[in-house]
Amino acid sequence: MKGSVAVVGGGIAGIQAALDLADSGFKTYLIESRPSIGGVMSQLDKTFPTNDCAMCILSPKLVETARHPNIELLAYSDVKSISGKAGDFKVKVVKKARYVDETKCTGCGSCTEKCPSKVQDEYNAGMSKHKSIYIPFAQAIPRIATIDAAHCLYLTKGKCGVCKKVCGPKAVDYEQKDTEIELNVGSVVLATGFKPFDPSILKNYRFDHPDVITSLQFERLLSASGPTQGHVTKQSDGKVPKNIAFIQCVGSRNPHIDRKHCSSVCCMYATKESIIAKEHDPELNITIFHIDIRAYGKNFEEFYNRAQREYGIKYINSRPPEVIVGANNALSLKYEDFSTGVVTQDFDLIVLSIGLDPADSTRALAQSSGIALDDFGNIATSIESPVESSVAGIYVCGVAQGPKDIPDTVAQASAAASKAAALLSGERGTLIKERKFPDEKQLSPLPRIGVFVCHCGINIGSVVNVPGVVEYARTLPGVAHAREMLYACSSDSQAAIKDAIAKNDLNRVVVASCTPRTHEPLFQNTCREAGLNPYLFELANIREHCSWVHSKEKERATEKAKGIVQMAVAKSALFQPLYKQQVSLINKAIVLGGGVAGMTAALDIANNGYHVTIIEKEKELGGMLREMTELYDGKKPADVLKELIGKVNGNKNINVINEAKLLKVEGYLGNFKGVVLANGKELALDFGAAVVATGARNLEPSGLFNYGKDPHVVTQAQFEKMLGKGISANNITMIQCVGARNKEREYCGRTCCVDAVKNAIRIKKANSKANVFVLYRDMRTYGVMEKLYENARDLGVIFIKYEADNPPKVQGGSVLVHDHMLNQDIELASDLVVLSTPLVAGENEEINQLFKIPLDRNKFFLEAHPKLRPVDFATDGIFLCGSAQAPKLMDEAISQASAAASRACTILSRKFIETEGAVSVVNEAKCIGCGTCVTVCPYNAPSLYDVTVNVEEVTYTTNKSKINAASCKGCGSCAAACPAGAITAQHFSSKEIGEAIDAFDKGVKSISIEKGFVEMTV
Amino acid sequence: MSAEAATDTKTNDWEPKIVAFCCNWCSYGGADSAGMGRFQQPASARIIRVMCSGRIDPLHVFNAFLEGADAVLVTGCHIGDCHYVNGNDKTKIKYKYLENVAHELGIEKERLQLNWISASEGEKFANFIRDVTAQIKKLGPSPLKPEGVA
Ligand code: FES
């Protein structure tokens, strides 16, 4: 066994898997074929459904990966083969020649400036050119130049050689050759991603026309770092388009070209791109041509509704067969609209929503290494083991396993990490290094503040006059250095900040960019690397709180940005170095909920070598799976459950408490104290981390479609049970979206379409004569589930689309539906009407109170970040999985459960927990020993002790308070409550807060630069 | 300030100065969400981030008024959601006291407001700033504003 893992693929999946593994004590190799890690996510402008800037959330992860002492990055390298067995694999890697010495290149870019030859830019999806020697994008990691050997004049013709001449560090090396290395690792994680579908094989879509572009190209057009700096223009004439069409399912759901799968993400990315385009230019008309709109994820339906309601984006349920190129190269589409018949409409720009194709490299690697693929060319897995490949010890995550969006990818990445870590748990910590920071430098007595103002591409720069803010910052007292940055969070900017700290002897750093809630740790680490205490850093939020919310008032926004910087500068001048303490932790976890998700999480944690207690409210384990009678791959849930429960019961690291409930929790990350009520007894339970896997429940559709009144109307969940026993109905009608996608419950139930199709197939298989109708609004059999939908149609299940405002009517013995496609009412004789209802939140309110973790508006738990932290809570040490977060399919719940386990293990595997640095402290001389702080503190951090005071020959004994730094969380309540002003909430002291308030809008005029203090101008 | 100037500030585009105390875990996040959702709002507020609303000392509030704030907003997590168990319960108590003192000092109630805003309530945050700004524009500058401060 080896304590190391090779992660193949450096997109968001590979990055997340590598970070989890490295944080859990494993040496990790991250192998990426492109010159930089980041994958397709690095090319995206925004991410749905929150429209977060993709680069802004990805960039900190890129930087963290590059910095992690346990991660070795092998970029621009291909994996040739994997051999060996679990615990001991040999991975052959070819490091492709960059013709640049990685150890010497500083990424300064002088070479790219001077290089005379140009190549199509892959990062911009071929819409611009970069030089033959290039760095793919501003935030590239590693930031090393690469020569495109096929186009380099020197390498092809022996001429030029200018890059070598201009390279200061002498990094260019034309003699460099590909080198093969062999890694010896315990496990392999495949995160090889996908290849965007190439639409040129669909000749009828006229991809040869310059104004027919792919969705990825459109994404680049929207991006500030794209070929047109974020202005959507036509490739043909550079003009601004007025009418844009999206054609969905290009290269998806198309059996003719052997792409039967749904690509899972296109409906939402088309919606996102449309919204962003409309935000750039409200005059645009955007039409999305689709088969079904698959807005199945958390907050997707709401996003889709907003696109229509607030942005006027038109959705047409039709798939135009071709793009028509008319006179003068004008584009048009001919389509059949159910309300108006056949229509021909002109468009200026047509965007093909291309699907996700399995990558060729995945296929090749799978074949050479004996890893099984599924029917679609993805790495084959099963419902119960969604991240395990056919070869033991090789795991898979992300789109390599099947099309999926970013949060599902990230969850799977953590899940794969969990499996690899469990396999190698005996070797944990054997091959790693500790992260080392340089010693803190001596601080000069007066503040020397550095101010770095970020453009954030155009996120800030297009509204706030950044150079103006920099100029202003230079005039502020204590500021020794100020400059602007395109992306303050990119690796080159980090280097520049460190450089500036050294050169200017800075002892305080202010970055004016985005929110400290996401970016503070990144910059704090940069400070530490430059020998500055992390508490000498302050973020001035001029994006979320300024440019984004005053986008139409550029001047006011600039003034406000100056003000925000001024406040940050004033406050930072008072900052003092603070230090964290190390406290021990309890290496045990609890899992709330003993369903499939809970059991999986518990097993993964146990297999990682930590003790875990499952707290289940029912008599038996199994949760909702007990109610199921068949999985969509035909397996029997009872068999699956039996095996899973057997594993749980047989694991000596797992303790199950049934009919139990968590009553109380106190403590913090690493040191929680809980009280469990079981069998009428209260039981103390200490743990270091918790996983919430409490599931959800089926909606009872009381009052809808005669449910409750007519015994022939049942829910899909009830029908599932009936099918297990065998039923004798011949005419079955299912109604989808009952109690979902409406005013009261806006979200989509995600699993209901798959469940309905699965059960429709079961009826047909048992009795091919049965009439089965599925009345739907959109069939959302996303990803590889499309196969089930196809199956059902082949078996003769009839699908009829209805409109939300004209729902079917259930009348004794039949269902009346308005067929939207035929535009007529049909009556369907029905012995049984099955209502597909969504999952709704369970008793989450109790748990949310216990742990102080938030709920979303549908009362599901709210994760820390919808894209990149899908199983974390904002509160440290508590994790989330399964349907408690939002409805999901069983394999998705299992992936999430393993992911939550992985995240928990990054904590359980630590030797100690670091306390807060910004804790409160008592000034003994001022303390009057009243004990207010003791009553106020929820963590029992302050306590009173006796002191003997000696003043002027009088000796007396009194109380004084002291605060235990290990239990102080730094909320500052005690400082606000102390009547004597004896407590200082460090980093948020009254002085620091006061200084910030004082600095509010003191005009530049009122500041005396020479004297260095603020004066009132009267 | 002359009466003329005072009426002036009420009608034209005089921008009030609003100090908003936000806790790191909820209302500051709400302000972030307002940004992410691009919920536009007047540029009148400056946020002072504290870890918990429980950190807000009545002195900080008066300090803000004395430094020329036209309104001061005390915000935090919804009751029950405080990241530090019950910091906002304590805020509520202190706020009662603050309200009384402000009343004694003749500060209109619009100038001192308490609001619980969660990290997901971006729109609520933006609306809050918009509403308060409109209210204060009607009232004009704060009577506690020191001479010479805009
Ligand atoms: S953390 Fe928000 S009020 Fe305490």
Item to check | Residues located in region A:119-138, provided they are part of a loop (DSSP other than H, G, I, E, B) and in contact with a Cys (Cβ under 8 Å, 6 or more places away or on another chain) | outcome: A:132
Next on the checklist: Suppose the filter is buried (at least 20 other Cβ atoms within 10 Å of the Cβ), outside any helix (DSSP H, G or I) and of a type in the set (Lys, Arg); does residue A:298 pass it?
Outcome noted: yes
Next on the checklist: So for region A:580-595 (the condition being aliphatic (A, V, I, L, M), open to solvent by 10 Å² or more (accessible area, probe 1.4 Å) and touching a helix residue (DSSP H, G or I) at 6+ places or on another chain (Cβ under 6 Å)), does at least one residue qualify?
Outcome noted: no
Item to check | Count of region A:595-614 residues which are of a type in the set (Val, Ile, Thr) and within 10 Å of residue A:693 (Cβ to Cβ) | outcome: 3
Checklist outcome for this item: Scanning region B:119-132 residue by residue, those modelled with pLDDT of 95 or more, within 12 Å of chain A (Cβ to nearest Cβ) and open to solvent by 60 Å² or more (accessible area, probe 1.4 Å) turn out to be B:130
Next on the checklist: Being in contact with a helix residue (DSSP H, G or I) (Cβ under 9 Å, 6 or more places away or on another chain), open to solvent by 20 Å² or more (accessible area, probe 1.4 Å) and in contact (Cβ under 8 Å) with a residue 40 or more places away in the chain: is that true of residue A:983 here?
Outcome noted: no
Checklist entry - If you go through region B:58-91, how many residues are surrounded by fewer than 24 Cβ atoms within 10 Å (Cβ to Cβ), closer than 19 Å to residue A:985 by Cβ and more than 10 Å from the ligand (Cβ to nearest atom)? => result 6
Checklist entry - What are the residues in region A:728-784 that are under 30 Å from residue A:309 (Cα atoms) and touching a His at 6+ places or on another chain (Cβ under 7 Å), if any? => result A:783
Checklist entry - What number of residues in region B:97-118 are within 16 Å of the ligand (Cβ to nearest atom), more than 25 Å from residue A:853 (Cα to Cα) and within 14 Å of another protein chain (Cβ to nearest Cβ)? => result 1
Next on the checklist: Scan region A:458-472 and tell me whether some residue there is surrounded by fewer than 24 Cβ atoms within 10 Å (Cβ to Cβ) and touching a Phe, Trp or Tyr at 6+ places or on another chain (Cβ under 7 Å).
Outcome noted: no
Checklist entry - Exactly one of (1) farther than 22 Å from residue A:825 by Cβ; (2) part of a loop (DSSP other than H, G, I, E, B); (3) open to solvent by 20 Å² or more (accessible area, probe 1.4 Å); (4) touching a residue at least 24 places away in the same chain (Cβ under 8 Å) is unmet by residue A:701. Its number? => result (3)
Item to check | The listed residue being away from every other protein chain (no Cβ under 14 Å), at negative phi and not hydrophobic (A, V, I, L, M, F, W, C), out of A:28, A:50 | outcome: A:28
Checklist outcome for this item: Those residues of region A:366-382 which are outside any loop (DSSP other than H, G, I, E, B) and of a type in the set (A, V, I, L, M) amount to A:366, A:373, A:379
Checklist outcome for this item: Condition set open to solvent by less than 10 Å² (accessible area, probe 1.4 Å) and facing another protein chain (nearest Cβ under 7 Å), scope region B:29-42, selection farthest from the ligand (Cβ to nearest atom): answer is B:35
Item to check | Residues of region A:624-656 satisfying the condition of being under 14 Å from residue A:382 (Cβ atoms), open to solvent by 50 Å² or more (accessible area, probe 1.4 Å) and part of a helix (DSSP H, G or I) | outcome: A:639, A:643
Item to check | Those strands (runs of 3 or more DSSP E) lying entirely in region A:799-900 with at least 2 residues touching a strand residue (DSSP E or B) at 6+ places or on another chain (Cβ under 9 Å) and either surrounded by fewer than 24 Cβ atoms within 10 Å (Cβ to Cβ) or of a type in the set (Phe, Trp, Tyr) (or both) | outcome: A:809-811, A:814-819, A:824-829, A:839-841
Checklist entry - Which one of the conditions (1) open to solvent by 50 Å² or more (accessible area, probe 1.4 Å); (2) at pLDDT 95 or above does residue A:104 fail to meet, given that it meets all the rest? => result (2)
Checklist entry - When only residues in region B:45-57 that are among the charged types (D, E, K, R) and closer than 14 Å to residue A:977 by Cα count, which is farthest from the ligand (Cβ to nearest atom)? => result B:57
Next on the checklist: Could you tell me how many of the residues in region B:124-139 are without any contact (Cβ under 8 Å) to a residue 24 or more places away in the chain and basic (Lys, Arg)?
Outcome noted: 0
Checklist outcome for this item: Reported set for region A:520-563 where residues are hydroxyl-bearing (Ser, Thr, Tyr) and either surrounded by fewer than 24 Cβ atoms within 10 Å (Cβ to Cβ) or outside the structural domain of residue A:484 (by TED's automatic domain parsing) (or both) is A:535, A:551, A:558
Item to check | Filter result for the condition that a residue is open to solvent by 50 Å² or more (accessible area, probe 1.4 Å), touching a residue at least 12 places away in the same chain (Cβ under 8 Å) and more than 25 Å from residue A:197 (Cα to Cα), over A:336, A:310 | outcome: A:336
Checklist entry - What number of residues within region A:197-226 satisfy the criterion of being of a type in the set (Gly, Ala, Ser) and more than 28 Å from the chain's Cα centre (by Cα)? => result 1
Item to check | Unmet criterion (only one of (1) open to solvent by 20 Å² or more (accessible area, probe 1.4 Å); (2) within 16 Å of the ligand (Cβ to nearest atom)) for residue B:135 | outcome: (2)
Next on the checklist: With touching a Pro at 6+ places or on another chain (Cβ under 7 Å) and in a helix (DSSP H, G or I) as the only criterion, which of A:556, A:528 stands out?
Outcome noted: A:528
Item to check | Selected residue (only one of A:660, A:693 is under 30 Å from residue A:715 (Cα atoms), surrounded by 16 or more Cβ atoms within 10 Å (Cβ to Cβ) and in contact with a Cys (Cβ under 9 Å, 6 or more places away or on another chain)) | outcome: A:693
Next on the checklist: I need a count of the residues in region B:140-150 that are more than 12 Å from chain A (Cβ to nearest Cβ) and in contact (Cβ under 8 Å) with a residue 40 or more places away in the chain.
Outcome noted: 4
Next on the checklist: List the strands (runs of 3 or more DSSP E) inside region A:914-967, counting only whole elements, that have at least 1 residues being among the acidic types (Asp, Glu) and surrounded by fewer than 16 Cβ atoms within 10 Å (Cβ to Cβ).
Outcome noted: A:942-951
Checklist entry - Which fully enclosed strands (runs of 3 or more DSSP E) of region A:139-257 have 1 or more residues being surrounded by fewer than 16 Cβ atoms within 10 Å (Cβ to Cβ), of a type in the set (Gly, Ala, Ser) and free of Cβ contacts under 8 Å to residues at least 24 places away in the same chain? => result none
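The values are calculated or read from the model by the stated rules, or taken from the named source; none is laboratory data. All values reported here derive from a predicted model rather than from experimental measurement. A quick note on method: Cβ atoms are made from the backbone with ideal geometry, for glycine too, and the neighbour counts reach across all protein chains shown. The accessibility values were calculated without ligands, DNA or RNA, using every heavy atom of the protein model including side chains. Shrake-Rupley method; radii C 1.70, N 1.55, O 1.52, S 1.80 Å.
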